[in-house]
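The values are calculated or read from the model by the stated rules, or taken from the named source; none is laboratory data. Given the structure is predicted, the values throughout are model-derived calculations rather than measurements. What goes into the accessible areas is simple: the full protein's heavy atoms, side chains included, and nothing from ligands, DNA or RNA. Shrake-Rupley method; radii C 1.70, N 1.55, O 1.52, S 1.80 Å.
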Amino acid sequence: MPQTSVVFSSILGPSCSGQGQPGMGERGGGAGGSGDLIFQDGRLISGSLEALMEHLVPTVDYYPDRTYIFTFLLSSRVFIPPHDLLARVGQLCMEQRQQLEAGSEKAKLKSFSAKIVQLLKEWTEAFPFDFQDEKAMAELKAITHRVTQCDEENSTVKKAISQMTQSLLLSLAARSQLQELREKLRSPAMDKGPVLKAKPPAAQKDILGVCCDPLVLAQQLTHIELERVSSIHPEDLMQIVSHMDSRDKHRCRGDMTKTYSLEAYDNWFNCLSMLVATEVCRVVKKKHRTRMLEFFIDVARECFNIGNFNSMMAIISGMNLSPVARLKKTWSKVKTAKFDVLEHHMDPSSNFCNYRTALQGATQRSQTANSSREKIVIPVFNLFVKDIYFLHKIHTNHLPNGHINFKKFWEISRQIHEFMTWTQVECPFEKDKKIQSYLLTAPIYSEEALFIASFESEGPENHMEKDSWKTLRTTLLNRA
């Protein structure tokens, strides 16, 4: 099994992505530049940045398809900062308004104003964080001011603008508070637990003393997963693309400080893996260790049944860490048939083909679900990130004719949109604060401490292990 890794430091393995793109409507009249858009079977596959921006802007007879709005707003930040894009959108809108005003067509002007506000509403709802930037907020205020100034009699538009602004400010305030809370709760990068000189007393509380039901623990892990993954937003995931590309001189360079949600979620995976290893290695009696391993195997299986693949993979990874895997005497007492089935699902061969088949099945179940329980899909986050990264790396941003390769961004957008759909599922299980508190605060051993505890449970069996154990004991004596 693969060892846990930090998302941004180890992006390995081939991509596994489809080629389907969502359809979209054709643009009607309006500004020039649409000739720089290339369609294939009715789908937009490439275009110049200017033409793609013009395709975003409504006209009297045209409003962009919602899938295009989401895809272009998501991908455009690779090439142009959101506030610059908003300024260009505002300019194009005002140019059209001036033409309508010159023709004294009030009905069309009213319709066009409503479309502008609708576009801005969709933008602020899908990507509210774009407007945390003062330049973007200033551009938004300037556009809405010109719309109301030019159409003072349209009370419907004014009301829509007011509601949009209030909703945006609430979203920004909520996200700002969440970020501050996450920063305060962020655990130090180092020091995952004390290096032990001896095992703890047998009476010390462990996970089985808090929760002995594998299904309940799997449900609480799902609570934690959904709570953490819900703080990830589409633009956060787009950082994977915008940070890796060095060819685009004018691209919107992402701020790595804004990837804290991705890092925190990836860190949760590593912490859960280490917690599993800690719970096993710190047990004094072999019989109890055997029970602990079988318990976590059952928890992983329940996670699989729920659709929580991220926790399942973390648990399996924890049991495959060397300090746990080397406990052969303990493993010999474990009924491993269920564990073998789990490892089969997470077999890395053929680009995790078995896992992807299971994920597809869970996705189909979610799409036809009648209950919240059936809607849960929590993919293995590291693999999802790798898919996005390699989709980005194997397809260029620009085609030989200078066009943006929009076909590539359709697929990236599709995968991110699907991921976001999964994150918005409300957890149907009752929260148990006692269990969650243990999962989030229980001491986690460092790698060194895990090996010490492992060797104390079952002594070294070969020269390599004997050398490692000797080195560890020497280290402890030097520290004493």
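Distance distribution note for the range 324-426: the fraction of Cα pairs above 24 angstrom is 46%.
How long are the three semi-axes of the equivalent ellipsoid of the range 395-441, in whole Å, if each is the root of 5 times an eigenvalue of the C-alpha gyration tensor, listed from largest down?
Details: eigenvalues 366, 32, 4 Å².
With the √(5λ) rule applied to the range 395-441, the semi-axes are 43, 13, 5 Å.
Taking the protein heavy atoms of the range 265-403 in the context of the full set of protein chains, the accessible area attributed to carbon and sulfur is 51 percent at 1.4 Å.
Computed in the context of the full set of protein chains, the accessible area of the range 44-178 at 1.4 Å probe radius has 52% of its extent on carbon or sulfur.
Averaging the sequence gap over all C-alpha pairs within less than 8 Å and six or more residues apart, then dividing by the number of residues, gives the range 44-178 a relative contact order of 27 percent. Stokes-Einstein diffusion of the range 44-178 at 4 °C, 1.567 mPa s viscosity, Kirkwood radius from Cα pairs, rounded to a whole number: 85 µm²/s. Please go through the residue pairs Lys205/Lys329; Lys159/Lys407; Lys338/Lys386; Lys286/Lys375 and name each one whose alpha carbons sit more than 30 Å apart in this structure. Cα-Cα > 30 Å for Lys159/Lys407; Lys286/Lys375; rest within. The distance from the alpha carbon centre of the range 84-150 to that of the range 286-320 is 52 Å, rounded to a whole number. Normalised per residue, the accessible area of the range 44-178 is 44 Å², obtained with a 1.4 Å probe and no contribution from ligands, DNA or RNA.
Over the range 375-446, average the accessible area per residue using a 1.4 Å probe and give it in Å², no decimals. Present the calculation step by step, with values, prior to reporting the outcome.
Numbers: 3060 Å² over 72 residues.
Using a 1.4 Å probe on heavy atoms only, each residue of the range 375-446 averages 43 Å².
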